[in-house]
């Protein structure tokens, strides 16, 4: 799963992306493998943009992605944010409609 996120990025680039993110959220399964990951850029008041919601293929269509979004919306550090946006490619836009 993480390989998908980093397959076309160098380790240095991935580290910069993670360091430049305000909030990181992920979950592991019982074997310790990452099964979901996302990151958020925010000013903690007006806007939070959710990036890279990545769910391992074996966990897709289980509601895990929606659960992650729900956790973000209830995350205490983000409780003053007035507007959340989910950034995703057009090919994945159905995720936001269901």
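Each value in this text was obtained by applying a stated rule to the coordinates, not by laboratory testing. Since we're looking at a predicted model, the values are computed, not measured. Reconstructed Cβ throughout: ideal geometry from the backbone, glycine too, with neighbour counts over all protein chains shown.
Short-range pairs are left out: with C-alpha atoms under 8 Å and at least six residues apart, the relative contact order of the range 2-89 is 24 percent.
May I ask you to sort 43, 19 by Cβ crowding, counting other Cβ atoms within 10 Å and putting the fewest first? Listed from fewest to most nearby Cβ atoms, that is 19, 43. Multiplying the residue separation of residue 64 and residue 30 by 0.36 nm and subtracting their alpha-carbon distance yields 10.7 nm.
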